[in-house]
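Presented below is the structure to which this report refers.
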Amino acid sequence: MQKTASPPVSGLLRRAKLRHFLRARRAQITPEEVGLVNMERRRTPGLRREEVAALAGVGVSWYTWLEQGRDINVSESIVNAVSDALRLEGCERDYFHRLAGHNPPQRTDGQRRDTTQARMHALVEGWSSNPAYITDRYGRIELASRSARSLFRINVQGDNCVVKFFTDPSTREKYPDADTVGRGLVAEFRAQSARFPEDPEFGRIAEWVCERSPYFAALWDCHEVDDPCQSVRKIVHPDAGVMVFDRMVMRAPTCPESHLILYIAKPGTDQAEQSRGLAGCHAEAA
């Protein structure tokens, strides 16, 4: 008997991620949010498959196959229609496009571009006195500045930002808003995994951390995605107290697998002076 060829592992992984993502997003939308009258008690939260299909203007069977992760062709117009039905925005839509096998559409936002450019100039000017480090595609530290190693207690040889945050209580204690930071790290890690759908290492890391951190497991099941960019970080320093930084994540066009993470103390605050002082202390200690 002739054997049927098995589908590539990369395709299976990508469709499995797509299946879980669509189910999670469908469960998080109430009928009232999309203008449907809910006249009966429902066994499960969120929308039904047939309701998503109707909102997207596609067949129920076809949407069911999509959510089941079957090997079907999905056009960009269908991805956009389903995105609208599930109220996906920004990074969520990009994530869906990648899992469906498409490049995300280019978005133009003049205000965001101008703001990012201004922040990048500020970061470059403050580079020498602020923490900075580089991570690989999985969030493992490849290189860290002296001030970053001191402030974050980084072990450059293999420290993973996600693993360290969720398995080391002393790391989480550094962040007054640890819940916000943790949620962001998980969302960024999931978005990054979609850039390399053929790489099973993301799944292995997530499974390993899930076994050791129920908190991570709960966030991972939410299927939230976010693109690492600019954010604000509050960090507790044993000597300087709570320091407030702008955190900027940049991906070089020539090296998309690596991320450059820069921290700069908020300008015009006491933290900026503290950061310069701490940088000097690090230099003397070295």
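What follows is calculated from the coordinates using simple rules that are stated; it is not laboratory data. From a predicted model like this one, the values you see are computed outputs, not experimental measurements. Here the Cβ positions follow ideal geometry from the backbone for every residue, glycine too, while neighbour counts run over all protein chains shown.
A few notes on this one:
- Residues whose amide H comes within less than 5 Å of that of L143, counting only those at least five positions distant or on another chain, are I134 (H built at 1.01 Å from N in the peptide plane).
- Relative to one another, the C-alpha centroids of the stretch 153-215 and the stretch 67-90 are positioned 28 Å apart.
- Simple spin-label estimate for E142 and Q68 gives 4.2 nm between the two label positions (7 Å along the Cα-to-Cβ direction from each Cα).
- Shape of the stretch 9-99, Cα gyration tensor, a/c cut at 1.5: prolate
- A cut-off under 10 angstrom between Cβ atoms defines the neighbours of R23, and their net charge, with Lys, Arg +1 and Asp, Glu -1, is +3.
- FRET efficiency for the pair S77 and D179, taken as 1/(1 + (r/R0)^6) with r the Cβ-Cβ distance and R0 = 35 Å, rounds to 0.40.
- Set of aspartates and glutamates with alpha-carbon distance to K164 below 17 Å, sequence-local pairs under 8 removed: D136, E142, E173, D177, D179, E188, E201, E207, E211
- Applying 0.36 nm per residue to the separation of R195 and E33 and subtracting their alpha-carbon distance, the gain on full extension is 55.3 nm.
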